[in-house]
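Trainee: Input: one structure, supplied below.
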Amino acid sequence: MDWEAEGLLEGLEDEKARDARRELLDQLHDEGCSADELRQAVKEDRLVLLPVERLLAGNATYTQREIADESGFELEQLSAFRQSLGLAVPDPDAREFTEEDLETAKDARKLAEAGFPFEETLDVTRVLGTGMSRYAEALRVLFAQAIIKPGDSEIDLARRLAETAGELMPLSSRMLDQVFLLHMRQLLRNDYISLAERTSGKVTDTARTTVAFADLVGFTELGESVGVEELSGLAGRLARMANAVVEPPVRVVKQIGDAVMLVSPEVPVTVETCLSLIERAEAEEDFPPLRAGIAYGPAVNRWGDWFGSTVNVASRLTGRARPGTVLVTDAVREAAEDGFGWSTAGEKKLKGLQKPIKTFRPRPPGSKEGQ
């Protein structure tokens, strides 16, 4: 192919860069990429990523209709399953599916045959899709930072990316399997099935739970004076601090920008964790102070997240807490009273609540009021 005549060398003035582009185009064309595919990749500035994309795509030999027929899914169900994972749904007769896609569909069908309701399975699958999307995005950035070298030509970078992906992707898959098993084991150690649930045959998703939020004070205002990268760096440091401080039965549910959400069935250890997190932030150089709010009461655990008035109260309390302090409800104080020092923080009127609530500030054991 005359790639210059095809217009795929435009914008490259250096002859070495043009030669590298030609070599990469020749390689991809020999491997089956059409001129239109290559033209689109050049237009979107992702030509060097095409070898990795093809590696991950596998050997597409099935249509979605064929996958549905062989797995026992209705075509509409299979489309809904892919959508719940956050994946595009191609034309039913386009050959864009692999043997691995067929096996995944068969596994999903086995879940349905085991008695798991399809709609509720989709809810769980959405959690998986969201988590995997975030993991893939984070891994992509890490991968690129480690692999790209100054002065790389397109052909050199494309080959290094493809070679590294081929070596590391199997390792990542095994790690995901192991991490999933470890998390399941950890959850089971802190879970239980009550007599009422065994009698009724239905597990409730509502439980009395300690919910906490901790956020960076002044994060919004800081965004007006510093760059986006510095802000994201602070959020990343908060996530690392939380992961370093938090231990079971306390769990990090999620990070929302400048805040982390924690849950635990046990109140005292949650209070201790929030105090430790604030202390850790105070010891950090060039880091804003933290504040935290904790509530205890019924909350609904659904799709890996928590909902209900207890969650809302904890979030609202966080916004009312002073920098470097933890603000809690009366229920939290009663459940954790013996292990901490306490000071009264007065009644707080919180948005969404008709009546003000009593609030308190915990202190580490042995500390004096005001410390």
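The values are calculated or read from the model by the stated rules, or taken from the named source; none is laboratory data. Here the structure is a predicted model, which is why all the values come from computation and not from measurement. Note that each Cβ is placed from the backbone with ideal geometry, even for glycine, and that neighbours are counted across all protein chains shown. Accessible surface areas use protein heavy atoms only, side chains included; no ligands, DNA or RNA. Shrake-Rupley method; radii C 1.70, N 1.55, O 1.52, S 1.80 Å.
Trainee: Go through Asp152, Asp91 and list them by solvent-accessible area, largest first, probe radius 1.4 Å.
Mentor: Asp91, Asp152
Trainee: Is there a quick way to get the dipole size of the chain? I mean about its Cα centre, with the Cβ of Lys and Arg at +1 and of Asp and Glu at -1; what is the value in debye to the nearest 20?
Mentor: Using only the charged Cβ atoms, the result is roughly 2820 debye.
Trainee: How much accessible area does Arg95 have with a 1.4 Å probe, in Å² rounded to the nearest 10?
Mentor: Rounded to the nearest 10, the figure is 130 Å².
Trainee: Using 0.36 nm per residue of separation minus the Cα-Cα distance, give me the extension gain between Lys349 and Leu55 in nm, one decimal.
Mentor: Gain in length upon complete extension: 100.1 nm.
Trainee: Hey, another quick one. Taking one equal scatterer on every alpha-carbon of the stretch 1-96, how large is log10 of I(q)/I(0) by Debye at q = 0.17, 0.25 1/Å?
Mentor: -0.81, -1.27
Trainee: Using +1 at the C-beta of Lys and Arg and -1 at the C-beta of Asp and Glu, which of Pro90, Ala35, Gly7 has the Cα lying farthest in the positive direction of the dipole of the stretch 1-90?
Mentor: Pro90
Trainee: To continue, here is another question. Quick one: which residues, 5 or more positions from Leu8 or on another chain, have an amide H under 5 Å from its amide H? H modelled 1.01 Å from N in the peptide plane, none for Pro or chain starts.
Mentor: none
Trainee: Which ³J(HN,Hα) values in Hz, rounded to whole numbers, follow from the phi angles of the stretch 318-330 under the Karplus curve 6.51 cos²θ - 1.76 cosθ + 1.60, where θ = phi - 60° and Gly and Pro get x?
Mentor: For the stretch 318-330, the Karplus curve yields 4, x, 9, 6, 6, x, x, 10, 10, 10, 10, 7, 4 Hz.
Trainee: OK, next. I'd like the distance between the alpha-carbon centres of the stretch 330-365 and the stretch 35-70, rounded to an integer number of Å.
Mentor: 57 Å
Trainee: Another one. With θ taken as phi - 60° and the coefficients 6.51, -1.76 and 1.60, list the Karplus ³J(HN,Hα) couplings across the stretch 248-253 in order, rounded to whole Hz; mark glycine and proline as x.
Mentor: With coefficients 6.51, -1.76 and 1.60, one gets x, x, 6, 10, 7, 7 Hz.
Trainee: Counting only protein chains, not ligands or nucleic acids, how are Met132, Met1, Met241 ordered by accessible area (probe 1.4 Å), most first?
Mentor: Result, largest first: Met1, Met132, Met241.
Trainee: Translational D (Stokes-Einstein, µm²/s) of the stretch 292-359 at 4 °C and 1.567 mPa s when Rh comes from the Kirkwood sum over C-alpha pairs?
Mentor: Roughly 103 µm²/s, to the nearest whole number.
Trainee: Next question, about the same structure. Per DSSP H run of n ≥ 4, the term is -39500 (n - 2.57); total these for the chain, divide by its residue number, and report the mean residue ellipticity at 222 nm rounded to 500 deg cm²/dmol.
Mentor: Result for the chain: -17000 deg cm²/dmol, rounded to the nearest 500.
Trainee: So how tilted is helix 118-147 from the main axis of the chain? Cα-based, degrees 0 to 90, rounded to 10.
Mentor: Here the helix axis deviates by roughly 70 degrees.
Trainee: How much of the accessible area of the stretch 305-371, probe 1.4 Å, is carbon plus sulfur, in whole percent?
Mentor: 46 percent
Trainee: What is the Rg over Rh value, at two decimals, for the chain, using alpha-carbon atoms and the Kirkwood definition of Rh?
Mentor: Answer for the chain: 1.07.
Trainee: Using a 10 angstrom Cβ neighbour count of at most 15 plus a DSSP loop assignment to flag exposed chymotrypsin sites (Phe, Trp or Tyr not before Pro), which longest range of the chain is free of such sites?
Mentor: Looking at the chain, 1-191 is the longest stretch - no exposed chymotrypsin sites (Phe, Trp or Tyr not before Pro) with at most 15 other Cβ atoms within 10 Å.
Trainee: Still on this structure, I have one more. If you rank Lys16, Lys349 by how much accessible surface each has, with a 1.4 Å probe, what is the order from largest down?
Mentor: Lys16, Lys349
Trainee: Another question, then. Where the accessible area of the stretch 1-131 is counted over protein heavy atoms with a 1.4 Å probe, how much of it, in %, is carbon and sulfur?
Mentor: Summing carbon and sulfur atoms, their accessible area is 48 percent of the total for the stretch 1-131.
Trainee: If one puts a single equal scatterer on every Cα of the stretch 52-182 and applies the Debye formula without solvent, what log₁₀ I(q)/I(0) results at q = 0.10, 0.12, 0.17, 0.18 Å⁻¹?
Mentor: At q = 0.10, 0.12, 0.17, 0.18 Å⁻¹ the computed log10 ratios are -0.41, -0.58, -1.05, -1.13.
Trainee: P(r) of the stretch 227-310 in 10 Å steps, Cα pairs, percent per bin?
Mentor: Spelled out bin by bin, the stretch 227-310 gives 16, 49, 28, 7 percent.
Trainee: Quick one: among Ser343, Ser315, Ser264, which has the greatest mean-square fluctuation in a GNM of the chain with alpha-carbon springs under 10 angstrom?
Mentor: Ser343
Trainee: Find the accessible area per residue for the chain; the probe is 1.4 Å, ligands and nucleic acids are left out, and the unit is Å².
Mentor: Here the residues of the chain average 60 Å² of exposed surface.
Trainee: Can you give the angle from 0 to 90° between the axis of helix 154-189 and the longest principal axis of the chain, with both taken from C-alpha atoms, to the nearest 10?
Mentor: For helix 154-189, the angle is close to 30 degrees.
Trainee: Compute the angle between helix 228-245 and the longest alpha-carbon principal axis of the chain, please, reported from 0 to 90 degrees and rounded to the nearest 10.
Mentor: Roughly 60 degrees, rounded to the nearest 10.
Trainee: Sum up the lysine pairs in the chain that clear both bars: alpha-carbon distance under 30 Å and a spacing of 8 or more or different chains.
Mentor: Eligible lysine pairs with Cα atoms under 30 Å apart amount to 16.
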